[in-house]
Amino acid sequence: MKTKIFVFSSSGLDYISHVPQITVIPDVITSMYNEDYYEGNELTPLQHYERLRNDKYYNPTISTVDSDYINELIDNALANSYDRFVFFINDNDIVNYSPCVSKISEERRELDITILRINALSYPLAHLVIEVEKKLRANENLDEIISFVNSYRNSFKIYFYAPKENVLPSVKRIDFDDDVIASSTYGRVFLYDGNLIELKKDIKESNLEMLLNNYVNDVKDSKVIPFLLYTNKYSLYNEVLERKLLSIYPRIKSIKSFQVPIMLGSKVGNNAIGIGFVKKINE
């Protein structure tokens with residue numbers, strides 16, 4: 001069978017190389033000027049975050065596309081000889097795509113549609129979708145694919161640091177050496193592991209020290225794929241955290257670095273920077 005995989009733009013897959021068998025369904029960003037943009041082909045995260053920094057009236061809301069848009073994507077896939085459809089849907093309270101896709105699945109029962117629910121957004125979800133597409137090419141057994149997806153739960157974490165201020169090269173430098181990072185005391189730390197929670201600071205350490213200590217403890221003795229996520233391309237925190245990741249993983253020449261998709265970025269803040277990992281799953 002020829003399988004088409006659909007995933008939403010909150011996966012960040014638009015900004016990672018992937019095969020045509022995977023189609024990204026864009027979220028809709030609506031500004032206070034009543035402008036509608038599709039994430040990805042009409043508005044990238046970098047453009048979105050830059051506008052947030054420079055236009056105080058932008059104040060967007062983020063929503064899902066309607067079922068007509070998705071049905072058109074399905075019809076285009078049918079015209080290109082696809083005969084099986086797999087939808088990846090986030091299943092936590094950050095975003096809920098389920099009603100729209102479930103409605104389509106109910107209305108188009110003649111189609112072979114599988115809905116896979118997973119508590120993942122951003123790079124962890126993009127990584128999973130790419131791996132599943134490879135597996136579907138080698139093995140058409142969907143039960144084994146579902147088992148693999150279920151094993152992916154709780155296999156990733158992202159720690160986000162959200163500084164209060166814009167951190168640009170012309171505005172502020174960060175003092176750091178191999179062991180110590182001095183940073184704003186006004187930042188906040190979030191952990192995303194399927195659900196998003198704010199981590200409160202221990203008075204004995206800075207926000208960034210807490211973030212890094214927790215990260216190091218989580219990856220200890222584990223085989224993982226590390227990555228960095230950013231909302232502000234020019235933030236010096238990118239450099240700080242990239243150096244820290246390279247010191248944790250001395251065998252790695254460079255760190256995977258991606259934009260935070262808009263849906264998740266709206267939760268962690270306009271200037272947030274994240275370091276994360278995906279555990280390698282034993283098969």
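The values are calculated or read from the model by the stated rules, or taken from the named source; none is laboratory data. Because the structure is a prediction, the values reported are computed rather than measured. Using ideal geometry, Cβ is built from the backbone for each residue, glycine included, and neighbour counts are taken over all protein chains shown.
Answer yes or no as to whether residue 227 is in contact with a His (Cβ under 9 Å, 6 or more places away or on another chain) and of a type outside the set (Asp, Glu). Yes. Note on the stretch 1-48: among residues that are among the charged types (D, E, K, R), assigned to a strand (DSSP E or B) and in contact (Cβ under 8 Å) with a residue 60 or more places away in the chain, the one that is surrounded by the fewest Cβ atoms within 10 Å (Cβ to Cβ) is 4. In the stretch 64-79, of all residues being within 14 Å of residue 111 (Cβ to Cβ) and either in contact (Cβ under 8 Å) with a residue 12 or more places away in the chain or among the aliphatic types (A, V, I, L, M) (or both), the one that is surrounded by the fewest Cβ atoms within 10 Å (Cβ to Cβ) corresponds to 79. From the list 62, 70, 89, pick out the single residue that is farther than 29 Å from residue 135 by Cα, touching a helix residue (DSSP H, G or I) at 6+ places or on another chain (Cβ under 8 Å) and outside any loop (DSSP other than H, G, I, E, B). Result of the check over 62, 70, 89: 62.
Restricting the stretch 239-258 to residues that are closer than 19 Å to residue 160 by Cα and among the small types (Gly, Ala, Ser), which is modelled with the lowest pLDDT? Among those residues, the one meeting the criterion is 247.
Yes or no: residue 218 among the acidic types (Asp, Glu), closer than 22 Å to residue 131 by Cα and touching a residue at least 24 places away in the same chain (Cβ under 8 Å)? Considered against the rule, which asks whether it is among the acidic types (Asp, Glu), closer than 22 Å to residue 131 by Cα and touching a residue at least 24 places away in the same chain (Cβ under 8 Å), residue 218 comes out as no. Has the stretch 113-130 got any residue that is part of a helix (DSSP H, G or I), farther than 25 Å from residue 193 by Cβ, not basic (Lys, Arg) and not assigned by TED's automatic domain parsing to the domain that holds residue 266? No - not one qualifying residue is present in the stretch 113-130. Give the residues of the stretch 243-265 that are surrounded by fewer than 20 Cβ atoms within 10 Å (Cβ to Cβ) and either under 18 Å from the mean Cα position of the chain (by Cα) or within 27 Å of residue 61 (Cβ to Cβ) (or both), sorted by residue number. Once the filter is applied, which keeps residues that are surrounded by fewer than 20 Cβ atoms within 10 Å (Cβ to Cβ) and either under 18 Å from the mean Cα position of the chain (by Cα) or within 27 Å of residue 61 (Cβ to Cβ) (or both), the stretch 243-265 yields 255, 256, 257, 258.
Residue by residue, here is whether (1) of a type outside the set (Gly, Ala, Ser); (2) modelled with pLDDT of 90 or more; (3) assigned by TED's automatic domain parsing to the domain that holds residue 268 holds:
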{"residue": "7", "(1), (2), (3)": "yes, yes, no"}
{"residue": "11", "(1), (2), (3)": "no, yes, no"}
{"residue": "14", "(1), (2), (3)": "yes, no, no"}
{"residue": "19", "(1), (2), (3)": "yes, yes, no"}
{"residue": "22", "(1), (2), (3)": "yes, yes, no"}
{"residue": "39", "(1), (2), (3)": "yes, yes, no"}
{"residue": "53", "(1), (2), (3)": "yes, no, no"}
{"residue": "59", "(1), (2), (3)": "yes, no, no"}
{"residue": "68", "(1), (2), (3)": "yes, yes, no"}
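The residues of the stretch 215-242 that are exposed (fewer than 12 other Cβ atoms within 10 Å of the Cβ), of a type in the set (S, T, N, Q) and outside any helix (DSSP H, G or I) amount to a single one, 222.
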